[in-house]
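*Asks:* Dumping the structure here so I can ask a few things about it.
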Amino acid sequence: MLIGIDDTDSPAGMCTTYLGAVLARRLIHDHMRVREARLVRLNPNVTFKTRGNAAIALDVEGDPEQGFALACAIVEELADFSCGKTNPGVVVAEKRPDPAFYQRAVTDFCEIDEAVAVLEAAGARYRGWKNRRGLVGATAAVSSVFPDTTYEILAYRDPARWGTSREVDRESLFAAEEATFPHTWDTVDVANRVVVCVPHTPDPVLFGIRGESPAWVMAARSLILSEKPAFEQIWVTNQGTDAHLLSGTCGSLREGLSYRVRGVVINRPVTGAGGHVSLAIRDNRADVRCMAYEPTKNFRDIVRALVPGDEIVAVGSYKKGSINLEKMCLVSPARDLRTQAPLCTTCSKRMTSAGKGKGFKCRKCGAHAMEPEVLETPRMLTAGWYEVPPTARRHLSKPLCRGAPEL
């Protein structure tokens, strides 16, 4: 059977992966075999998500009726029902529901009634609490098929420590990154000297290490010094795979979806209030604004180095009329050309505009010229992919250390 659970946490605490890891141990205690624990990230732009929009699925050998009863009991025991946004869902399916539902849930938006229809068609057991929205994520989790997989080991805290400061040795995290990168990633942000893998919320997670295989995440984990975890769980995940991305064009983007869009830069980037950087790109359909927000830190310098005529692929979520950049490829750099009024050949003074379409005129001697002076600045930015730092990376965004995406 496949057991799916979603929407049990809140901003104030709990974690659906923790609840799933506890359930896995209770299933084993009741003589069932847990073949896989799966952490499934879904559309990161869902407005009613609690934090990272993750659901879990357990692949289990055992009695489905017993598994369903255990899953429902643990939700009632551990889910944070006090939060208005927490609406748990439990699914137990003896066969995988239509994988198309997962694909929609990770790239688009799904409704509760759609999830119920998929579950009914699969003959699955299910239960939802409150408004039952967790059935969407739970259904997506049990229907998920991953063309690309990564892994994460999550260490969970003793319940007596929840809400207190986490004791994780900072230098050991940097040592783990140095020893295992690029086979693990996002443990720390080396350039900005920031720890990434230790959460700041009052939930059960102590830290999490992401990587290419169970062996690599365990290798990194073995180097980390911390308070003693209550237990640990390795999850199979779709994190770091770009599973949320669709191909799009400038004139056909939908709010809340994530895209790869190819276009030509039409203006020099502008840094606005708060340090946010904006520019616009154009394809043969329309224009669209791209944004690099302040939390993307040094990535903004890459965006600022773009010039009109650069052909790029912009990657990110489309929200409020903008693509919020997660990464970017400079496909074809343009020449960085600027124009200015020419020098007067007679008196070596800079001319001024003589009016629209009338060229330039020297104020001193009255000489005229029609063409401006063209200046070319050498480009420091070369063709290739660029990404936001680990501190700003979304769970699903594929880091470049896993290989550059195909254009």
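*Asks:* So if I average 1/r over every pair of distinct C-alpha atoms in segment 150-191 and take the inverse, what Kirkwood radius in Å does that give?
*Replies:* After inverting the pairwise mean of 1/r, the radius is 12.1 Å.
*Asks:* What span do the alpha-carbon atoms of segment 120-164 cover on each of the three principal axes, reported in whole Å from largest to smallest?
*Replies:* That gives 44, 34, 14 Å along the principal axes, largest extent first.
*Asks:* Pick out the long, greasy-scoring helices in the chain: whole DSSP H runs spanning 18 Å or more along their own axis by Cα, mean Kyte-Doolittle at least 0.5.
*Replies:* 16-29, 64-78
*Asks:* Relative to the compact-globule scaling 2.2 N^0.38 Å, provide the ratio for the alpha-carbon radius of gyration of segment 278-335.
*Replies:* So segment 278-335 has a normalised radius of gyration of 1.06.
*Asks:* Now for a different question. Which whole-number percentage describes the relative contact order of the chain, with Cα contacts under 8 Å and a sequence gap of 6 or more?
*Replies:* Numbers: 967 pairs, mean separation 55.9, N = 407.
Once divided by the residue count of the chain, the mean separation gives 14 percent.
*Asks:* A further question on this structure: Can you give the log10 of the normalised intensity I(q)/I(0) at q = 0.12, 0.17, 0.18, 0.20 Å⁻¹, computed with Debye over equal Cα scatterers of segment 248-407?
*Replies:* One equal scatterer on each Cα of segment 248-407 leads to -0.61, -0.94, -1.02, -1.19.
*Asks:* Just the ratio, please: alpha-carbon radius of gyration of segment 181-224 over 2.2 N^0.38 Å, N its number of residues.
*Replies:* 1.17
*Asks:* Would you please give the FRET efficiency between A179 and A69, computed as 1/(1 + (r/R0)^6) with r the Cβ-Cβ distance and R0 = 60 Å, to the nearest 0.05? Don't skip to the answer; put the middle values down first.
*Replies:* Details: r = 44 Å, r/R0 = 0.73.
After rounding to 0.05, the efficiency reads 0.85.
*Asks:* How are the alpha carbon pair distances in segment 163-316 distributed across 10 Å bins from zero to the largest one, expressed in percent?
*Replies:* 10, 28, 27, 23, 11, 1
*Asks:* For a bin width of 10 Å, list the pair-distance distribution of segment 96-178 built from all Cα-Cα distances, rounded to whole %.
*Replies:* Taking all Cα pairs of segment 96-178, the binned fractions are 14, 31, 21, 23, 10, 0 percent.
*Asks:* For segment 66-210, what is the Kirkwood estimate of the hydrodynamic radius, computed as the reciprocal of the mean inverse distance between distinct Cα atoms, to one decimal in Å?
*Replies:* So the Kirkwood estimate lands at 17.8 Å.
*Asks:* Next question, about the same structure. Which one, A305, C197, Q233, projects farthest toward the positive side of the charge dipole computed for the chain from Cβ point charges (K/R +1, D/E -1)?
*Replies:* A305
*Asks:* Please list 3J(HN,Hα) in residue order for segment 352-363, calculated via the Karplus relation 6.51 cos²θ - 1.76 cosθ + 1.60 where θ = phi - 60°; whole Hz, with x for glycine and proline.
*Replies:* After applying 6.51 cos²θ - 1.76 cosθ + 1.60, I find 10, 5, 9, x, 4, x, 10, x, 10, 9, 7, 5 Hz.
*Asks:* Right, here's the next one. Taking the chain as a whole, which cysteines find no other cysteine Cβ under 4.7 angstrom from their Cβ?
*Replies:* So far as the 4.7 Å Cβ criterion goes, C15, C72, C83, C110, C197, C250, C290, C329, C347, C365, C401 stand without a partner in the chain.
*Asks:* Using the Kirkwood radius over C-alpha pairs as Rh, can you work out the diffusion coefficient of segment 336-377 via Stokes-Einstein at 37 °C, viscosity 0.692 mPa s, in µm² per second?
*Replies:* It diffuses with D of about 315 µm²/s by this estimate.
*Asks:* Find the Cα radius of gyration of segment 2-143, compare it with 2.2 N^0.38 Å by division, and give the number to two decimals.
*Replies:* Ratio of Cα Rg to 2.2 N^0.38 Å: 0.93.
*Asks:* Would you kindly compute the Cα radius of gyration of segment 193-248 and its largest Cα-Cα separation (Dmax), both in Å?
*Replies:* 13.9, 47
*Asks:* Give me the net charge for the shell around M1: Cβ to Cβ below 10 angstrom, other residues only, Lys and Arg +1, Asp and Glu -1. All intermediate terms of the calculation are to be shown ahead of the outcome.
*Replies:* Numbers: positive: K95, R125; negative: D59, E61, D63, E65, E94.
Net of charged neighbours comes to -3.
*Asks:* For segment 150-237, what is the per residue volume of the convex hull drawn over the alpha-carbon atoms, in cubic angstrom? Working shown, then result.
*Replies:* Numbers: hull volume 7.6 nm³, N = 88.
Here the figure is 86 Å³ per residue.
*Asks:* Two decimals is fine: what is log10 I(q)/I(0) at q = 0.20, 0.29, 0.30, 0.31 Å⁻¹ for segment 353-407, from a Debye sum with one equal scatterer on every Cα and no solvent?
*Replies:* The Debye formula, applied to the Cα set alone, gives -0.86, -1.15, -1.20, -1.24.
*Asks:* Here's another thing I want to ask about it. Just to check, using Stokes-Einstein with a Kirkwood Rh over alpha carbon pairs, what's the diffusion coefficient of the chain at 10 °C and 1.306 mPa s in µm²/s? It would help to have the intermediate numbers written out before the result.
*Replies:* Values: Rh = 23.6 Å.
Rounded to a whole number, D works out at 67 µm²/s.
*Asks:* Rounded to the nearest 5, what % of DSSP beta bridges with both residues in segment 336-377 are antiparallel?
*Replies:* Of the beta bridges lying entirely in segment 336-377, close to 100 percent run antiparallel.
Here, each number is a calculation from the coordinates, and none is a lab measurement. This one's a predicted model, so the numbers in the text were calculated from it and none came from an experiment. Because the Cβ atoms are built from the backbone with ideal geometry, glycine has one as well, and the counts that use them run over all protein chains shown.
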